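For reference, the structure discussed in these notes is given below.
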Amino acid sequence: MLLRSFVICGYLAAAYWISAHYPIFKMVFYPTLGAFSYLFMQRMDQMKDIRRIIIGACISTGIGAFFYTISSGALSLLATALVTVLLIQWCKWNAAPILAVSLIPYFARPEVVWVLPLTVLASLLCLLLPLWLIGKLELLLRKAAQARLAAAPLRAAAKQDV
């Protein structure tokens, strides 16, 4: 888990750096990305749930973008929150950060609001790559440790024969 934590923190720092230095990627980093990172880190063995969460995040960001284009006021934010909460419950997405990303347009005030669902999708898909790779590395390390443990009695027996 420690290795995953370092990878997640590195990913967040890289996403922040990219969004700060390249205006086209301004919305790749958002605070809720940290919550998604931790959530995904805990559920790496449940890829079906992660897929559903990513889809839910993109849909809710689209809902937020839609209501924001209608109005950027409090009633629009209320409608965004209500519709998103109902979808979270109905679809059983079971991830609170989905509600948070639906509200991104209201605090980020992007010039092109329809880019938001795409940036959320891109950032979450890019998050999966290092987590998947670290999962594979952890599996290899675990197998190597098991092989070492399995070979220990053989080495002990060999030493006794000498």
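Residue 127 satisfies every condition listed in (1) surrounded by 14 or more Cβ atoms within 10 Å (Cβ to Cβ); (2) at pLDDT below 90 except (2). Checking the condition aliphatic (A, V, I, L, M) and more than 25 Å from residue 113 (Cβ to Cβ), which residue from 1, 27 passes? Among 1, 27, only 1 is aliphatic (A, V, I, L, M) and more than 25 Å from residue 113 (Cβ to Cβ).
The set of residues in region 98-115 that are part of a helix (DSSP H, G or I) and at pLDDT 90 or above comprises 98, 99, 100, 101, 102, 104, 105, 106. Is it the case, given these coordinates, that residue 95 is more than 19 Å from residue 46 (Cα to Cα) and open to solvent by less than 90 Å² (accessible area, probe 1.4 Å)? Against the criterion (more than 19 Å from residue 46 (Cα to Cα) and open to solvent by less than 90 Å² (accessible area, probe 1.4 Å)), residue 95 does not qualify.
For region 57-77, the criterion of a residue being under 23 Å from residue 128 (Cα atoms), open to solvent by 50 Å² or more (accessible area, probe 1.4 Å) and modelled with pLDDT of 90 or more is satisfied by at least one position.
Checked against (1) touching a residue at least 24 places away in the same chain (Cβ under 8 Å); (2) under 17 Å from residue 15 (Cβ atoms); (3) under 19 Å from the mean Cα position of the chain (by Cα), residue 129 meets all criteria but (1).
Looking across region 1-54, the residues that are open to solvent by 90 Å² or more (accessible area, probe 1.4 Å), at pLDDT 90 or above and either under 13 Å from the mean Cα position of the chain (by Cα) or small (Gly, Ala, Ser) (or both) come down to 38, 51. Residues in region 134-146 that are in contact (Cβ under 8 Å) with a residue 12 or more places away in the chain and exposed (fewer than 14 other Cβ atoms within 10 Å of the Cβ): 137 alone.
Taking residues in region 57-82 that are within 14 Å of residue 112 (Cα to Cα), and partners anywhere that are modelled with pLDDT under 95 and of a type in the set (Lys, Arg), the pairs with Cβ atoms closer than 9 Å and at least 6 places apart or on different chains are 68/109; 72/109.
Scanning region 4-29 for residues that are outside any helix (DSSP H, G or I) and closer than 18 Å to residue 128 by Cβ yields one hit, 29. Remark: pairs (first residue in region 94-119, free of Cβ contacts under 8 Å to residues at least 60 places away in the same chain; second residue outside any helix (DSSP H, G or I) and open to solvent by 20 Å² or more (accessible area, probe 1.4 Å); Cβ separation under 7 Å; 6+ apart in sequence or on different chains) = 106/72.
The values are calculated or read from the model by the stated rules, or taken from the named source; none is laboratory data. Note that the structure is a prediction, hence the values are computed from the model and not measured. Note that we place each Cβ from the backbone using ideal geometry, even for glycine, and neighbour counts take in every protein chain shown. Only protein heavy atoms, including side chains, enter the accessible area calculation; ligands, DNA and RNA are left aside. Shrake-Rupley method; radii C 1.70, N 1.55, O 1.52, S 1.80 Å.
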